[in-house]
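Notes follow the structure.
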Amino acid sequence: DVAGKDGSGSPLDGPSASSPNAPSYDQRFPRHRRLTARRQFLAVYSEQRRVSSTSFTLFAAPNDTGSCRLGLTVPKRIGNAVRRNRAKRILRDVFRRHTNELELPLDLVVNARDAIAHRTHAQIEQEFLDVYRRICRRVAR
């Protein structure tokens with residue numbers, strides 16, 4: 001069944017905004033919330049504000065956009081493409097879920113470490129929030 005002009009879609013389209021199963025956060029990851037260019041990553045690295053955890057290192061730099069932006073680096077030593085993509089998918093999801101809680105407008109770069117491949121979604125989420133709070137204290141100084 002193809003989506004009609006009335007906006008009704010296929011059951012394969014996923015939950016709609018009015019569905020009781022719909023998430024309470026915005027599922028999109030628009031371009032204005034991403035770091036995409038090498039120069040953007042280098043600018044964050046040059047600030048030299050970083051906090052490490054078991055699963056990743058978080059780098060941060062203040063920005064003028066008024067909201068947080070995220071860049072991800074997941075090296076091949078994490079594992080095959082399936083493992084690397086899982087790590088990126090989880091990190092993006094955590095960022096999306098908590099975008100409204102990220103109060104400082106920062107450019108964030110997450111460099112994944114080997115241990116991320118063995119962590120659950122909940123563990124990575126908790127670790128990200130803890131590291132984010134720590135980096136905010138450093139940036140606020």
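Just so you know, all these numbers are worked out from the coordinates, no wet-lab data involved. Quantities reported herein were computed from a predicted structural model and do not represent experimental measurements. Cβ: placed from backbone, ideal geometry, glycine included. Neighbour counts: every protein chain shown.
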What are the trypsin sites (Lys or Arg not before Pro) within the range 27-80 that DSSP puts in a loop, where the Cβ has at most 12 other Cβ atoms within 10 Å? R28
Let me have the relative contact order for the range 43-115, percent, based on Cα pairs under 8 Å that are six or more residues apart. 49 percent
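Report the far tail of the P(r) of the range 74-141, meaning the percent of Cα-Cα pairs longer than 17 Å.
Summing the P(r) tail past 17 Å for the range 74-141 gives 42 percent.
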At q = 0.10 Å⁻¹, what is the log10 ratio I(q)/I(0) for the range 15-141, with the Debye formula run over Cα points and no solvent? -0.31
